[in-house]
1. Look at the stretch B:318-360 and say how many of its residues are modelled with pLDDT under 90 and part of a loop (DSSP other than H, G, I, E, B).
2. Considering only residues that are acidic (Asp, Glu), surrounded by fewer than 23 Cβ atoms within 10 Å (Cβ to Cβ) and touching a helix residue (DSSP H, G or I) at 6+ places or on another chain (Cβ under 7 Å), which ones fall in the stretch B:181-212?
3. Being among the hydrophobic types (A, V, I, L, M, F, W, C) and either in a helix (DSSP H, G or I) or free of Cβ contacts under 8 Å to residues at least 24 places away in the same chain (or both) is the filter; apply it to the stretch B:373-397 and report the residue that is farthest from the other protein chains (Cβ to nearest Cβ).
4. If the requirement is being surrounded by 20 or more Cβ atoms within 10 Å (Cβ to Cβ), within 13 Å of chain A (Cβ to nearest Cβ) and assigned to a helix (DSSP H, G or I), which of these qualifies: B:363, B:400?
5. Within the group A:102, A:144, which residue is exposed (fewer than 15 other Cβ atoms within 10 Å of the Cβ) and among the basic types (Lys, Arg)?
6. Among A:151, A:183, which is the only one that is closer than 30 Å to residue A:261 by Cα, buried (at least 20 other Cβ atoms within 10 Å of the Cβ) and out of contact with any Pro (no Cβ under 8 Å at 6 or more places or on another chain)?
7. For the stretch A:225-248, check the following and say yes or no: at least one residue is in contact with a Pro (Cβ under 6 Å, 6 or more places away or on another chain) and at pLDDT 90 or above.
8. Yes or no: the stretch B:13-28 includes at least one residue that is assigned to a loop (DSSP other than H, G, I, E, B), under 24 Å from the mean Cα position of the chain (by Cα) and among the acidic types (Asp, Glu).
Amino acid sequence: MIAGVSLHDLETDPKGCCARLYESDAVRWLLDDELHPGGERLTLRLARLAGVAPRARVVDVACGSGATALLLERELGCVTVGVDLGARAIEQARRATPAGARASFLLGDAEALPLPDASFDAALSECSLCTFPNMPRAIAEMARVVRPGGSIAIADVTADLDALPAELRSAAARLACVADARSADAYAALLRDAGCEPLAIERHDAELRAMADRVEARLRVARMLAPPGDERERIREAAALAHLAIDAIARGHLGYALLTARV
Amino acid sequence: MADLPVATRSICPHCRAGLDAELIDRDGRVILRRECPEHGPIEALAYGDSGRWRDAQRYDRPGASPLLRQTASELGCPRDCGICPEHAQHTCLGIIEVNTGCNLDCPVCFAESGTGHQPDGYSLSLAQVESMLDAFVAAEGEPEAVQLSGGEPSLHPEILDMLAAAKAREIPLVMLNTNGIRLARDARFAPALAALGIHVYLQFDGFDDATHLAIRGRRLQAIKQAALDRCAAAGVGVSLAAAVERGINEHELGAIVRFGVEHPAVNGVFFQPVTHTGRHPEFDPLDRLTNVEVIRGLCAQLPEWFREDDFVAVPCCSPTCRSATYALYDGEDLVPLPRLVDVDRYLGFVTNRAVPDVEVAAALAGLFSASAAGGTERTGDRLECVACGVGLPDELQRIAARGFMVVAQDFQDEWTLDVAKLRKCCVAEIVPDGRIIPFCAYNAAGYRAQVRADLAAGATA
């Protein structure tokens with residue numbers, strides 16, 4: 001078990017697994033509450049790159065506990081709907097919503113968004129696309145709920161899968177958004193296949209590196225605290241995996257990119 | 001923010017004439033360049049990486065003023081020490097050299113101490129040291145740290161009284177800078193230091209016989225080991241201080257740190273590139289070691305523990321003087337603190353970002369200061385505050401509080417003296433007449449010889 005998620009669950013219900021994992025306190029601690037590379041700064045960069053206008057209607061797909069939705073409202077005055085498969089995340093997001101805020105949060109599946117067609121100016125998905133088993137379906141859903149001329153904004157891990165060591169392509173690595181990551185061009189092709197027009201690709205590998213560093217360091221100190229035995233060994237393995245990821249980032253085999261497309 | 005080239009002032013290493021000088025970027029390294037009318041062009045390596053030099057400039061925090069300044073600005077820096085009104089920082093660490101006599105005759109000694117008779121040698125009285133401590137307290141209010149040095153201060157018959165006098169003035173960190181010979185030979189010395197709460201700054205240059213012979217002129221490894229074991233038994237905290245020289249012990253940086261983290265008495269390692277002042281080996285001023293080379297060497301020798309960006313430019317002095325890190329160690333693995341805490345963000349050097357927690361920021365400022373040493377109560381409290389502030393679990397806070405400190409400290413000599421850097425110096429020699437003279441000016445600008453001559457004249461008068 002890693003933070004309440006077993007490998008069996010991962011194989012049978014990967015989406016649910018991911019949602020539960022990112023809800024867990026242990027994982028939030030590992031990530032130092034910055035649940036995607038670059039934190040708020042890169043979220044705002046993504047919104048700007050996608051031309052998200054003040055007061056735009058935005059859907060945040062796999063919104064987690066709502067930080068991005070609330071940020072977009074606070075900084076840009078957006079009216080955001082967050083959708084996530086994790087019931088606890090949705091609860092947390094609702095609790096975190098200040099009185100008078102217009103952001104709202106729905107329990108739902110990225111591959112079947114519980115939202116009407118053409119009802120948003122933009123759809124945003126941060127560090128989550130590559131965790132969806134059916135990526136084309138998830139992109140088609142974003143394209144469906146965005147009005148024609150609106151935009152899709154994706155931030156995700158990019159990978160040259162063939163160059164990655166086997167450990168990073170394992171089931172466990174899927175949780176860290178690695179095992180199913182694609183190259184930036186492959187993401188752009190998915191957007192094109194969904195009938196969207198790719199606009200921009202921006203690389204931010206250094207931000208992923210900073211995050212992987214943080215996770216590796218925190219796993220190593222977590223290992224110091226774990227009682228000797230299986231738990232300590234699992235943490236040690238996880239730290240080794242993080243170390244492999246750092247290596248892969250340094251070699252350019254793993255990265256992080258912002259992509260935008262017009263619907 | 002400063003960028004290269006930078007105009008500054010320096011001196012001629014041959015005649016000590018004050019000269020206009022310039023820091024320039026040459027092939028990615030920072031060179032201090034000037035021309036002496038008599039001795040021609042003079043160049044020395046100031047910092048080993050111009051990119052890192054630029055990056056470090058954002059740590060150049062404005063200095064604080066001492067309560068008192070002892071001299072007037074008349075002749076221009078560095079001729080008015082000190083501290084004169086032009087000095088841009090108070091003193092984090094005061095040094096008192098209680099004697100010039102030593103039980104070693106090291107080939108490397110900026111203080112030119114030794115075992116033989118020295119015509120200008122001296123040994124201060126307890127009353128003199130007390131008045132110097134009082135001068136330091138008057139200047140600083142509540143001084144953070146003082147170090148008694150020499151010579152070999154442990155040879156001074158009143159050294160314990162002098163250390164006690166510093167403790168009596170409620171200076172939190174009182175250090176004894178020693179070669180460890182008395183600690184090794186005198187079984188009562190470490191317990192006496194423990195009773196006073198003294199931190200030992202132990203000269204410790206490496207393990208190879210060749211290293212000891214080149215830097216100390218004697219094989220000292222067994223003595224160092226015995227000194228450390230006595231400190232461990234008595235409960236005395238120790239920082240290892242390694243003089244590092246090109247081609248002599250650069251290869252032992254990793255081994256020194258590994259030894260230090262494993263020895264129960266040791267709380268930190270200070271690497272000091274050899275200053276080419278006083279007694280020193282032949283050297284090439286353009287191929288000397290700076291903090292960059294020391295940190296790079298350490299990281300290359302201990303890649304599983306350190307990388308270059310684990311080291312933070314210490315903001316109280318000029319940011320190229322001192323770089324430091326703290327590390328959590330549990331007997332198996334070592335994790336540098338800056339990987340767990342965004343130190344930049346807390347210290348407020350990243351523009352347009354709010355400092356997230358002022359208490360954590362204050363604790364970090366105290367940790368990354370020239371007045372800090374590993375293993376002291378104050379350092380432990382600050383590390384615990386940081387660990388708590390960034391949400392480390394309780395047990396980890398206790399590991400963090402034992403944080404191991406690693407420092408690279410590049411003091412200046414006649415070749416590298418940069419007046420702009422010197423003006424922000426926060427390590428200073430307290431001298432018997434009550435002046436407080438920035439350490440690098442003391443060594444490089446002629447004050448050491450002057451003070452010794454004055455004391456010798458006073459002693460014979």
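1. The number of residues fulfilling the criteria is 16.
2. B:208
3. Checked the stretch B:373-397; the qualifying residue farthest from the other protein chains (Cβ to nearest Cβ) is B:385.
4. Unique residue meeting the criteria: B:400.
5. A:102
6. A:151
7. yes
8. no
The values are calculated or read from the model by the stated rules, or taken from the named source; none is laboratory data. Remember, it's a predicted structure, so these values are computed and weren't measured experimentally. Counting neighbours? That spans all protein chains shown, and the Cβs are built from the backbone with ideal geometry, glycine included.
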